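Nothing in this text is a laboratory measurement; each read-out follows from the coordinates by a stated rule. The structure presented is a predicted model; accordingly, all values stated were derived computationally and were not measured. Note: ideal-geometry Cβ built from the backbone for every residue, glycine included; neighbour counts use all protein chains shown.
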Amino acid sequence: MGKGRKPKEPVKQKTPCEKAFEKAVLAFEQEKFHKALEQFNIVLGLEPNHVEALTTKGLVLVELERHEEAIEVLDKSLKLDPQQAEAHYKKGVCFGELEMPREALDSFEQAIKLDPSDGTHLAGKARALFDLGEPKEALLWYDRAIDSEPDNGTLFNSKASALMELGEYQAALELLDIAIGLDPEDPDNYLDKADILSTNLSQHEQALNEYEKSIALYPLNPLTWNNKACSLCKLEKYEDALSAVERAILLDNKDGGQYNTRADILLLMGKVEDALADSSKSIDLGPDEVDHYITHAEILNENKNFDEALLCCEEALLRCTIDEPNAQGRTLIEKAFALKMMDKTELLQECVDKAKKSTGCELAFHYSHLAPSIQL
């Protein structure tokens, strides 16, 4: 050894736990969530109280939409270190997805106590308040979130979603335009704008332009293709609509909603048997979705399977909620049509009366192919 040179420090070998943690974090950052979960489980098998591993495993479970498991894991982490704003926030997100707004609000408030300037946390509280039926206070919290981070386009998008649900569509569009200006590379902004234009304002040509912008930025979102198909269908461009929804199914063949959309399109194209097969599949994949049963009943009526249509309507009515008056009305109209065709006069009148109380005559006239038959 030369004069004055210090001996080299021995290289510290990483423990198996440290190696697994590094792999887990890398997989998480690369959005390889299943691989990340495997690695975090290895870490926690070696060190069960590894706080960072617990928290990040919870975040992975959120991404995988395993919300109940995520809450359980995040609770373990918060018991070890309760000063984690992000863990509280993600718990709130999970509770929101599980339709537990009171618990979501509690979690968001814990996050805000620890980090009161985080606009995302403030917006989380706003969403929870909205879900609890307090829209005015919710909008104030959205404004606080935006004031906290005025350059965060996601916050404008979040408030736009709330305004859309309140029926304030033009105000929502204005906020989405601001969001697009702040973050023109976010495909969700264009998708949300297109959905309002199409679903709520019946401006289908304008909606198609926004769907195309969203697809150009991210062509792998099946929802965008599905909703584009719906707009094309409204414009009676059935072949184009069919191509779009088939692209959606190619991207995700486990979503019943996309088969339901294709069933609607096929019915309008006169392909009743194909439509019936798709609507059956939509129910298999989404057995709790009322729209799937309504579409299936409509196709059964078209196919003159009136007994089956009635049974399907009863299944739909079981799934209607007070928040879905249109769904109830549509179901009753299909039921009334089947009863009319089966000459069940007394049951028909009872059904018609209920339909009138549920939705008003205007809904029946919207479904003009049935309204003349059942004289609503």
Exercise. Working out 0.36 nm times the residue gap between E174 and T15, then minus their Cα-Cα distance, what length gain in nm do you get to one decimal?
Worked result: 51.9 nm
For this session: At 0.36 nm per residue, minus the direct Cα-Cα distance, what do E31 and S202 gain on full extension? Give it in nm, one decimal, please.
Result: 57.9 nm
Problem set entry | Whole-Å semi-axes of segment 187-319's equivalent ellipsoid (Cα gyration tensor) | 27, 14, 13
Exercise. Taking the Cα-to-Cβ direction at Q349 and at E212 and moving 7 Å from each Cα, how far apart do the two end points lie in nm?
Worked result: 5.5 nm
For this session: Take peptides 275-284, 234-243, 88-97 and line them up by average Cβ neighbours within 10 Å, highest first, as a rough protection proxy.
Result: 88-97, 275-284, 234-243
Seminar exercise, completed: Quick calc of log₁₀ I(q)/I(0), the chain, Debye, one scatterer on every Cα, no solvent, q values 0.10, 0.11, 0.13, 0.14 1/Å, result -0.81, -0.95, -1.19, -1.29
Seminar exercise, completed: Put in order of increasing Cβ neighbours within 10 Å, starting from the fewest, H50, H121 give H50, H121
For this session: Could I get the Rg over Rh figure for segment 255-329? Both from C-alpha atoms, Rh via Kirkwood, rounded to two places.
Result: 0.95
Exercise. Using a simple spin-label model with points 7 Å from Cα along the Cα→Cβ vector, what separation in nm is obtained for E314 and D147?
Worked result: 5.6 nm
Problem set entry | Rg over Rh, two decimals, segment 16-147 (C-alpha only, Kirkwood Rh) | 1.03
For this session: Note down the nm distance, to one decimal, between modelled labels 7 Å out along Cα→Cβ at M341 and at E22.
Result: 6.8 nm
Exercise. What is the helix-to-structure angle for 169-182, meaning the angle in degrees between its Cα long axis and the longest Cα principal axis of the chain, kept from 0 to 90 and rounded to the nearest 10?
Worked result: 30 degrees
For this session: Measure of size requested: the Rg and Dmax of segment 170-221, with Cα atoms as the atom set and Å as the unit; please supply both.
Result: 10.2, 29
Exercise. Taking only Cα atoms, what is the 0 to 90° angle, nearest 10, from helix 85-97's long axis to the longest principal axis of the chain?
Worked result: 20 degrees
For this session: Work through the residues other than A207 whose Cβ is under 14 Å from its Cβ and net out their charges, Lys, Arg +1 and Asp, Glu -1.
Result: -1
Exercise. Once the Cβ-Cβ distance between E239 and E302 is put in as r, and R0 is 25 Å, what FRET efficiency do you end up with, to the nearest 0.05?
Worked result: 0.80
Problem set entry | Tilt relative to the chain, helix 67-80 - C-alpha long axis, 0 to 90 degrees, to 10 | 30 degrees
Seminar exercise, completed: Over the Cα atoms of segment 191-260 the radius of gyration and the largest Cα-Cα distance (Dmax), both in Å, equal 10.9, 29
For this session: Sum up the charges of everything whose Cβ sits under 15 Å from the Cβ of G45, counting Lys and Arg as +1 and Asp and Glu as -1, but leave G45 out.
Result: +1
Exercise. Using r as the Cβ-Cβ distance of N326 and L46, and R0 as 35 Å, what FRET efficiency do you calculate, to the nearest 0.05?
Worked result: 0.05
Seminar exercise, completed: The rounded separation in angstrom of the Cα centers of segment 227-276 and segment 16-42 is 39 Å
